[in-house]
Each structure stands twice: as structure tokens, then as C-alpha cells.
1. Go through the range B:62-88 and report how many residues are more than 20 Å from B:V353 (Cα to Cα) and in a helix (DSSP H, G or I).
2. Do any residues in the range B:193-219 that are within 14 Å of chain A (Cβ to nearest Cβ) have Cβ atoms under 7 Å from those of residues that are small (G, A, S) and part of a helix (DSSP H, G or I), where the two are at least six apart or on different chains, and which pairs are they?
3. Regarding B:D201, is this residue surrounded by fewer than 21 Cβ atoms within 10 Å (Cβ to Cβ), under 20 Å from the mean Cα position of the chain (by Cα) and of a type in the set (D, E, K, R)?
4. Say whether the condition of being closer than 23 Å to A:I160 by Cβ, part of a helix (DSSP H, G or I) and either aromatic (F, W, Y) or within 12 Å of chain A (Cβ to nearest Cβ) (or both) is met by at least one residue in the range B:357-366.
5. For the range A:176-198, give me each residue that is of a type in the set (K, R) and part of a strand (DSSP E or B).
6. Would you point out the residue of the range A:233-251, among those that are in contact with a Lys or Arg (Cβ under 9 Å, 6 or more places away or on another chain) and modelled with pLDDT under 95, that is nearest to A:E202 (Cα to Cα)?
Amino acid sequence: MDLRVPEQEKAFRDEVRTFLEESLTPEIREAGRMVTSVFAPVKEAMAWQRILNDKGWAAPQWPKEFGGTGWSVTQRAIFAEELVRAETPPLVPMGLHMCGPCLIGCGTEEQQKEYLPKILSGEHFWCQGYSEPGSGSDLASLKTFAEKDGDDYILNGTKIWTTYAHYANKMFALVRTNRDDKPQQGITFLLLDMDLPGITIEPIVGLDEVPEQCQVFFDNVRVPQKNRVGEENDGWTVAKYLLTFERGGQEYAPGLNVMLEKIRLMAEKQQTAFGPLTKDPVWQHKFAALEADVLALEFTEMRIKSALSAGKDPGALSSMSKILGTELLQNVTELRIETLGSQSVIWQPQALVPGQEQPVIGPEYALTAMPHYLNSRACSIYGGSNEVQRGIIAKAVLGL
Amino acid sequence: MNFQLSEEQQMLADSAKRFVRDNSDVEKHRQNKKLMPLDAATWQQFADLGWLAVPFEEAHGGLGMGPLETMVLLEALGEGLIMAPYIATVVLGGGFLRQASAAQRAETIPALLEGKLQVAFAAEEYERVFTLENTAMAADLKGSEVVLNGTKSCVMNGDQADLLVVLARTVGQPGDQDGLSLFLVDANAPGVERVAHRTVDGRQGAEIRFNQVKVSEAARIGELNGGYAIARDVLHEGLLALSAESVGSLSVLLNETVEYSKTRQQFGMPIGKFQVLQFRMADMFIAMEQTRSLLLAATLKTVEGHADAAKAVHAMKAQLGRAGRKIAQEAIQIHGGMGMTDELGVGHYVKRVTGVDGLFGNADVHLMAMARSA
């Protein structure tokens, strides 16, 4: 065991830095600075994806034959780190990190050929049709029904918390094809076009006043059976495969480290009656506790990546990293609003829209703090709530 | 010892609860997504109900009540998330005006009671962790006049205020209690520039810049360099009111979460049947009751003039921050995605409680003040 970084990987870091320096436009950089969610402003995130794709770097985690980079685990970690260090807007994950890996693992060759290149290029913008109003943590109880009719399925029902459905032209969805079996056994995984007749999309405004989520309604929507991934009634297997990517594929520590460093710089500017806030023992204590947690998470995430690269299923470890990553993100955004005091109470969401010439009231560095704090409360709810994740650990790891 | 409301207090509570039942502001929080003018009709209603007169002496046209009655009223308003600037104008503004000279009182209090005067306390400053003694903005003596230069931040109700109470430093350094002075400044005076903004909790405030603003001696409240004690006492009454209001909001967050957990079905049963959520809601309840206890402790000690009243006020604001954080976060988590929406009331209560911690020093600031107040 060691932590040495081979020479060629230092050179790789330089290569990435040079590329980022040369290819990030001012608009993309601004969007990256204004991020208050795991989802970046769409226009700039997609522009950034196109630049990365031209370089062949849009999906480093994909196998090389499907358009991945063939990098080592360490190189991928370096790349991810440099992206957050340069404050690039995170890429929209539904295609690149969810649907793509899922098709690589479970799709037919025809589906792979049809969809993967367009995921990389951004031509297809995917959304995820999983949750329903009555099926959140208990996802397997979902009711949207797909009835067979000739070569098609006819869909009726509704999906909710569908991130960016109002921007998407494709959806991957879990639908019920059998009501008689155990709930998990009657589910099928479908791909569909968002412009099909019978689909209605209603954006949902969040606490940050941004319509990031949507509810999607299906009224006799006709979807070809060839758009099925995996076998009929076997969609739960496909979904579980995908969830491993949704939960385990993400790395939180690099972003958290960047946020912590920025909070430290902010705290240095805040004067107490006894000097800068960074000299205040209470603040120091809180900050150090988070630094320790994030360092631990960094190594937990490396252990997961190392298991993945050895071809092992990270299994319940991905539940652990989801719990840690989301809750630390929440704690870090909380320390940020506490560091800023009343400056974080000023509310100007319009100033967060990239390209707006809106003058910022108060320190510019305070602008994202409150919207991000509020938005991050969703992280412990989505992607399988943290209660569900703890249940998985209790059952799968501890055997309870 | 007696924690029962008097007949008069009970009447005030009943009238406030009736008002809130008919006039909850949750819908307004949902709709207002830009700067709005003061809701003059509601404010007039407050005047007509006699609420603006609560903390003023009868000699000034008031009802001769105090922090206990304000507590009763504000707790009810907090349940309805009523956004009328009562604390800024009546509790803080009124608190300062009661300390002002006879001439100043005669000029302002009648108008305030009629609902014709809005007040704001300009205290906080950018990049300064809020405590009164940490005030840096300069007020320079020029003969009998004082000249104000600098910027006050996040002045609640600062956008609507006709009259500003400005806390500024006449001598000494940030950290000194001595050397602070209080001035009444016309919000439309030459050299006063206001940039209005919304606040996270659906209310409004302003950044207020003072550029060579001349203030006469007659506009000072209290002694020159001796503003600290007045500011502290009035601020503490404001914190009592803010906490009372928040206790009302916290009780709604708790109740709505419990009710939701009884109706939301997952895994074939209401989620409220899951022990993991029951324990957490029990903890929310405990946190809320502890906050209510500290509110009573701080309010009663203040009213009765106990030596440790200030310490209790700090304890209360700290508890409000910590309990508010916990209750708000759990309310969202237990509501799931619905708790993250603009549509449900829960999120608006969460935003108010979160904003309140950030105002006039958060939990950490007040714990530190408590430790230092011995």
C-alpha cells in the first residue's frame, strides 16, 4: 500500500489543467461558479459537454470501445478533481452517468449503437422516470402501467421528481407490465421519446425558486417494444444495476474540498470583534470536524474506486458513499450559511442566472450560499433516500 | 410561579389566532417572487386591532403592555407566517422611539400607532459577524452635527421604512461597547441610498448606504457614545419577539410533519409507523418544547428585570437557531420531495426559520455571548 503518484500521472494532471485552461469559456466558468445544485445550468453544462466530447473526454468512466477514455482509476480521479478545482459546471448525469452505463451493461447492440453516441454528443438529453407520487422510497410499488398492444406498449400513469424533464427529449423509465407477481417482478425498463403524443410535463418549483424537477403524465402513450432494456418484467434488475452507478459512481470529496477551501477564504474576510472568523475557536472546531470527515470520505471513495477497478461490485459501499457524500454536502453548505450570517439571508435568485447583468447585493461570494443550502436538502431524499440506504447497509452488510 | 395567560393576554392570543386563521400568508409567500410594496391593508388592520399599540405606554397612546403580550401576539403570527414588519417597526422601532426625546416621541409615535410610519433598525454590516459591539460604521462629530458614512447591510424592512434607527461608532474600536451612538435618520434624507432586496424568508430588506449624511444632535437617541445599553435592551426585546414568532412557526412545522407522516403511505403503511421516523419526530417535539421553555425563561426574566436576563436571551436565540435547524431539516426529510417544493407550506416555514438564525447573530454568536456574559 502506498500513496505515491507515478510520474506519468503528474504529467496527465498537467495535460488536463492545460486543456481546462484553454477550453473553458467565460460563460461556462460563470455557470460553474453559480452552481447551487448537483445540476448545473443546462445551456452551459451542455456547451461544456460538447467541448469535452470533441476532445473525447465526455465519459471517462465508459469502456473505451463505447467512447470512454481508457484511463486508469487514478487518472479518472485526477480528471474529476481537476474539473471541480476549475469549478466547471457538473455535466448533466442522466445520460452520461445513468442511462449510458446502463445500456452498456444491459442494452442490446442495436440500442448501444443508436443511443450511446448521441448521449456523448448531447443530442439526446435524458431524464429519469422512476419515482411516482405514491412511490418514493418504496419504488417497487410504482403503478405507471404499460399494456402490450401489437408491437407497442401503451403507457398510462405519472412520474414525479423527474429532473430536467422539461429539457429532455428522452426518458428511461420503470413501468409496470405485470400486476400479479411480487412488485419487483412485474417491472420493465423502457426508453421513450419525450415528444410522443400523450405526454404532458409540469415543472415543479423548488425552495430555491428554480423549476428543476417535473411531474410527467402519460395518457395512452404508445412506446415500441423494441425500446425495452432487458427482459419484460425484469426491469428491477436493470434498475438496480443503474442505481449502483447513480449512487456509487459519484465522487463527493473533491467538490467538498473545494467548497471547504472557499468557505475558509470567506471566513477570513468576516471580522469578529476579536479578529477574523478563522481565528474563532468555535468556527475552527466546526471547520476542522468537516475537514476530517471529508478526508475520510476521500479515502472511502478511493477504496470504492479501487474495488470497482479490480472488477468487484462495490455493493453496499455505494450506499455508504451516498449517505456520507450527501450529508457532508449538507453540512458544508450549512457551515457556509453560518459563516456568512445575515449576508446569506439576502435572496436574489435572479442574479444566479448565467449571463444576467443583475448587480449583486452584498459580497458576491455569498450569492450561492442559501440557494445551495436549501437545494442540498434534497440530496438525502433522492436517488434512494438516506433512510433506504441505511436499510440496505443494515440488511446487506450487517445481516440484520 | 404562574405560567397562565392573564385574561387580557388570552384575549390578545384569541384575536391573533382568529386573524391568522382567516389571513395565513402562506399563499402570499408562494406568489411573491419579486419585490412587493408594503401590504398597507394588513398593516391598517393591525392598527385597527390595536396591535401596533401593544408595547407603548398609555401616556403615549399605547396599551401599556410589554414583552409577554408581544410574545403571545407574535407566536400566533408565526403560525400563519405573517410577513407584516411588526418586529422591525413596532418592537425594534417602537423600542427605540420609547427611549427617544419627548420631541422625537411626539413626532413619531402617534404616526406609528396610526399605521402611518414604518421603522427599521440599521445595525448589521457586511463582513462583520454581528454583535452590537462589533459595529464599525463611523459617525463623525462636526460641531453639534454628526456625519454618517458607510453601509448597513440586510436592514429588515429597510426598503419600506420612513425612519431609520442607525447604530454607529462615534469613538473607539469594534469590540468596544463604549463609543456607540444611536441616530434617528429620515430614510429619504440626502445622502441615504437604499438598495431593496428580498430575503430568503419571503420578506424584504435593504442595503443602506450613508454618504455624508448629516444628523443633528436632536436626532440622537440616548447619550453620545452611550448607545450600547439602549441598543442591547431594545435588541433583546426584538430577539424575544423573533423567537416567539419562530416558536409559532416551529409548531406548524412539527404538526404538519406529524400529520403528513400519518397519511403518506410507503411499504404498505403510513410512514409515521416506522420507528426511525417516530424517534425523529419525538426529538423534533422535544426541541420545540425546549425552545418554548427558553422563550418563557428569557421573556419572564426580562420583564421582571433579573440579573441574568441577557444571558437567557442569548440562550434562547442560540436554542432557536439549533432547534430551528433540526426541526426544519427533519420536516423536509420526512416530507420527502414534497418538502422541497414551493407549493407546500412547509418549505416556506423552513425558509423563515433558517433566515431567522442568520439575523442579529446566529446560534454560535449567541452561545459565545452567553459564555461571555457570565
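The values are calculated or read from the model by the stated rules, or taken from the named source; none is laboratory data. Keep in mind that this is a model prediction, so the values were computed, not measured. Cβ sites come from the backbone with ideal geometry, for glycine too, and all protein chains shown count toward neighbours.
1. 3
2. So the pair list comes out as B:T199/B:G355; B:V200/B:G355; B:D201/B:G355.
3. no
4. There is no residue in the range B:357-366 that is closer than 23 Å to A:I160 by Cβ, part of a helix (DSSP H, G or I) and either aromatic (F, W, Y) or within 12 Å of chain A (Cβ to nearest Cβ) (or both).
5. Once the filter is applied, which keeps residues that are of a type in the set (K, R) and part of a strand (DSSP E or B), the range A:176-198 yields only A:R176.
6. A:E246
Residue-wise test of (1) crowded, with 16+ Cβ neighbours inside 10 Å; (2) over 24 Å from the mean Cα position of the chain (by Cα).
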residue: A:L120; (1), (2): yes, no
residue: A:H124; (1), (2): yes, no
residue: A:S135; (1), (2): yes, no
residue: A:K143; (1), (2): no, yes
residue: A:D149; (1), (2): no, yes
residue: A:I154; (1), (2): yes, yes
residue: A:A168; (1), (2): yes, no
residue: A:L174; (1), (2): yes, no
residue: A:Q185; (1), (2): no, yes
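Residues checked against (1) in contact with a strand residue (DSSP E or B) (Cβ under 7 Å, 6 or more places away or on another chain); (2) closer than 30 Å to A:M370 by Cβ; (3) within 14 Å of chain B (Cβ to nearest Cβ):
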| residue | (1), (2), (3) |
| --- | --- |
| A:K182 | no, no, yes |
| A:F189 | yes, no, no |
| A:M194 | yes, no, no |
| A:G230 | yes, no, no |
| A:D234 | no, no, no |
| A:L242 | no, no, no |
